[in-house]
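Colleague: One structure, as structure tokens, below. Some questions next.
The values are calculated or read from the model by the stated rules, or taken from the named source; none is laboratory data. None of these values were measured; they are calculated from a predicted model. Note that we place each Cβ from the backbone using ideal geometry, even for glycine, and neighbour counts take in every protein chain shown. Side chains included, ligands, DNA and RNA excluded: accessible areas come from the protein's heavy atoms. Shrake-Rupley method; radii C 1.70, N 1.55, O 1.52, S 1.80 Å.
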Amino acid sequence: MRAIRPRRSPAVPLVVAVWAGAAGVIWLWWMNTPSIADNTSRILNAGRITGLLAGYLMALVVLQMARVPALERRVGSDRVARWHAMTGRYTICLVLAHLFLTMWGYALQAGKSLGGIVQQTIDSINQLPDVGLAAIGTGLLVLIGLISIGPIRRRISYDLWYHVHLLTYAATYLSFWHQLSTGNEFAAQPEAKTAWYALYGSVTALVVWYRIITPVRLNMRHRLRVEAVIEETPGIVSVLMSGRKLHRIGAEAGQFFRWRFLAPGMRFSSHPYSLSAAPRPNMLRITVKAIGDHSSALRDLEPGTRVWAEGPYGALTADRRSRGKVLLVAGGVGITPMRALFETLPGAAGDLTLLYRANSTQDLALWDELAQIAEERGARLMYAVNSPDGERPDISADTLRRKLPDIDRHDVFMCGPPGFAQQVYEALRGAGVPARRIHHESFEM
């Protein structure tokens, strides 16, 4: 067994860098802000700083969508998605505050009251350079924010949400130009304009490289096709995909791809599914539960169907491991990355334990494979299912300590629905497992 050297997440240095960038934006505003003598100046300068911070965060929103490997594979796709959602909310709030404060300040300068904001906004769109484009970009941002609100998001299809979300690129492009043409900071300091071009240019280059060029290269090189579709249990199927030199695709057990199956009705749908087995030189496999239109349609895929893949993504890999003993916890179809890790994680007999939670024994997908892996590796395999009367099994700190007395000396890898993951996380913390040794990835991405 090779020496265990856990890969450190760059999350903390990245957050520090983001705050440093925000401090630089505030410094730029401060250096170009004259004395604030009256109420109108205060309102206009508040509009300026909210606009500058919104422009800075908008670049970060796009960066978080760029699928940069340092973020996706080391920080974790689910964590980056949460950053993206949080940054997006702050950006929309700052954009709306910038719009309100700036138009209010302009209205006061023109001798109008607060009620004249609407007319002042129309006048600014017609008279100021690039403000009309920015207004369209603002409208797109508000639309994206609205469909991302929890109750609305749950009522629309994933494909609609995903494709509308891509309008973030258009909103950013449309909003960029008025920052340079109307921003006092960029007119007064050419260096600031150069830095802004460098920020947005770098982000654009990353998007083009990792969201367009990299997937094209991957698919031209590996030529993925559906080899077979196998029903594992009622409602759960495995899709086997063949291709060229797949061991060089760069994937690890625990990671996932975004899959687009070029079959009728599925060409415009791209969904994330984890690998349910370690990559073979000529074969990849995913195992999917039918919980929506896309996942339900997988069972009808014909052998030979072309597949477009993007990835690999995800940080739930062996690189996170810091201890010799490992507990893998899977809930439902979260077994897919756990099964791949159960097969490939280095370890001696007795080092690996897998706990599989499902509603019933009939829902234990891939159970025969798991049992065979456990026997061959001397690993421990446990399941937790509902009782015949529907009572849920007890997964508490006491139960975990009773099953694994040395659980506090384990690394824990976990994947499952959010409610299940939260319950198990609290039980693990109660059982003495440090938070830094609980590695999990959410379905909600």
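Colleague: For the stretch 288-387, with every protein chain kept in place, what is the accessible area per residue (1.4 Å probe, Å²)?
Modeller: On the way: 3880 Å² over 100 residues.
Heavy-atom SASA per residue in the stretch 288-387 reads 39 Å².
Colleague: Right, next: Over the chain, what is the percentage of antiparallel beta bridges among all DSSP beta bridges, to the nearest 5?
Modeller: Approximately 55 percent, going by the DSSP bridge assignments.
Colleague: What's the angle, to the nearest 10 degrees (0 to 90), between helix 39-63's Cα axis and the longest principal axis of the chain?
Modeller: 30
Colleague: Run down the lysines and flag those whose C-alpha is under 27 Å from the C-alpha of LYS325, throwing out any fewer than 8 positions away in its chain.
Modeller: By straight Cα distance, LYS325 reaches LYS403.
Colleague: Hey, got a sec? Which GluC sites (Glu not before Pro) in the stretch 375-440 land in a DSSP loop and have at most 15 other Cβ atoms within 10 Å?
Modeller: Sparse-neighbourhood loop GluC sites (Glu not before Pro): GLU391.
Colleague: Distances over 26 Å make up what percent of all Cα-Cα pairs in the stretch 247-382?
Modeller: 26
Colleague: Sticking with this one: How are the Cα pair distances of the chain distributed, in percent, across 20 Å bins from 0?
Modeller: Over the chain, the share of Cα pairs per 20 Å bin runs 22, 47, 25, 6, 0 percent.
Colleague: To continue, here is another question. Please give the peptides 335-348, 427-440, 22-35 ranked by average Cβ packing (other Cβ atoms within 10 Å per residue), highest first, as a rough proxy for protection.
Modeller: Averaged packing, sorted descending, gives the order 335-348, 427-440, 22-35.
Colleague: Shifting gears a bit: What FRET efficiency would be calculated for the residue pair SER202, ASN359, taking the C-beta separation as r and a Förster radius of 41 Å, to the nearest 0.05?
Modeller: Given R0 = 41 Å and the Cβ-Cβ separation, E is 0.30.
Colleague: Say R0 is 41 Å: what FRET efficiency, to the nearest 0.05, do GLN422 and ARG306 get from their beta-carbon distance?
Modeller: Numbers: r = 39 Å, r/R0 = 0.95.
Computed FRET efficiency for GLN422 and ARG306: 0.60.
Colleague: Additional query: Tell me, in nm to one decimal, what length is gained between HIS163 and THR33 on full extension, where the rule is 0.36 nm per residue of separation less the Cα-Cα distance? Each step should come with its number before you reach the end.
Modeller: Numbers: separation 130, 0.36 × 130 = 46.80 nm, distance 4.02 nm.
Contour length minus Cα-Cα distance gives 42.8 nm.
Colleague: Oh, and also: Please give the FRET efficiency for TRP177 paired with ILE156, using the beta carbon to beta carbon distance and R0 = 51 Å, rounded to the nearest 0.05.
Modeller: 0.95
Colleague: If you filter the stretch 156-262 for trypsin sites (Lys or Arg not before Pro), then keep DSSP loop positions with at most 15 other Cβ within 10 Å, what is left?
Modeller: ARG223, ARG244, LYS245
Colleague: Could you give the length gained on full extension between HIS247 and ASP368, defined as 0.36 nm per residue of separation minus the Cα-Cα distance, in nm?
Modeller: Numbers: separation 121, 0.36 × 121 = 43.56 nm, distance 2.49 nm.
Difference between extended and current length: 41.1 nm.
Colleague: In nm, what is the difference between 0.36 nm times the number of residues separating THR194 and ARG409 and their Cα-Cα distance?
Modeller: Extending this stretch completely gives an extra 72.2 nm.
Colleague: Also, quick follow-up: For helix 11-31, report the angle its Cα long axis makes with the longest principal axis of the Cα atoms of the chain; keep it between 0 and 90° and round to the nearest 10°.
Modeller: 0
Colleague: Round to the nearest 10 and report in Å² the accessible area of ILE122, as given by a 1.4 Å probe over the protein chains' heavy atoms.
Modeller: Result for ILE122: roughly 80 Å² accessible.
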